[in-house]
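One structure below.
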Amino acid sequence: MRKNEHRAPWECIFAKEDTSKCEPGRKPKSDQEYFEILCLCILQAGLNWGTVRNNWLKIKKGFYGFDVNRLSKTTVSDLIKRPGVYNNKNKVNAIVANAYEFQKIKRDFGTFMNFLISLKKLKDREAVRQLARQFKHVGKYTGEYYLHCVGYW
C-alpha cells in the first residue's frame, strides 16, 4: 500500500478538500467492491462520514451486502423498510436503479473495470460526465470522488 493510499473512502482526505496529499484509493479486486464503493459514495453525500463509518456494517446488511443481483430485483418500498437502510427514497431508488445499470455495464463490457478502462480515452471531466449519465444520484463531485476512491486517477 502506498504511503497515503486509503482502503475505505472515509479514510480519504480528498473528501476534506485536501487533494495535495491524498493518493488514489486502492483498486477494488471485484465488481462487487466497485459497486459497494459506488453505493457508499452515493449514501454518504450530505451525511457526516462518522455517521456512515460507525453504521457501515448495519447499512451494508440492510442493503443485502450491496449484492448487485439481489438489489436489482428488489423494490424501493421493500428495501426502505429494512433495518440499516436510510429513509431517503431518492438514494435508495438510485441504488436499486444503479444495480440494474451496473449489471447492464457488466454484460456490455465483461467487467466493471473494463468499463472504467474504456473511460480512460476520455478527458477526466468527460469521464465524470459519463458516470453521471450512467448512474443516478452521481453528479460532478460524487463522480470525481468515486473515481479517486477506486484508484482511477
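Every read-out reported here was derived from the displayed coordinates using simple, explicitly stated rules and does not represent laboratory data. These numbers come from a predicted model, not from an experiment. Positions of Cβ are generated from backbone atoms using ideal geometry, with glycine treated the same way; all protein chains shown enter the neighbour counts.
Below are the figures for this structure:
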item: Added length on full extension, which subtracts the Cα-Cα distance from 0.36 nm per residue, residue 70 to residue 93; result: 6.9 nm
item: Label point distance in nm, residue 57-residue 117, each placed 7 Å from Cα along Cα→Cβ; result: 3.6
item: Segment 34-149: relative contact order in percent, alpha carbon pairs under 8 Å with at least 6 residues between; result: 26
item: Whole-number Å³ per residue for the convex hull built on Cα positions in segment 34-149; result: 92
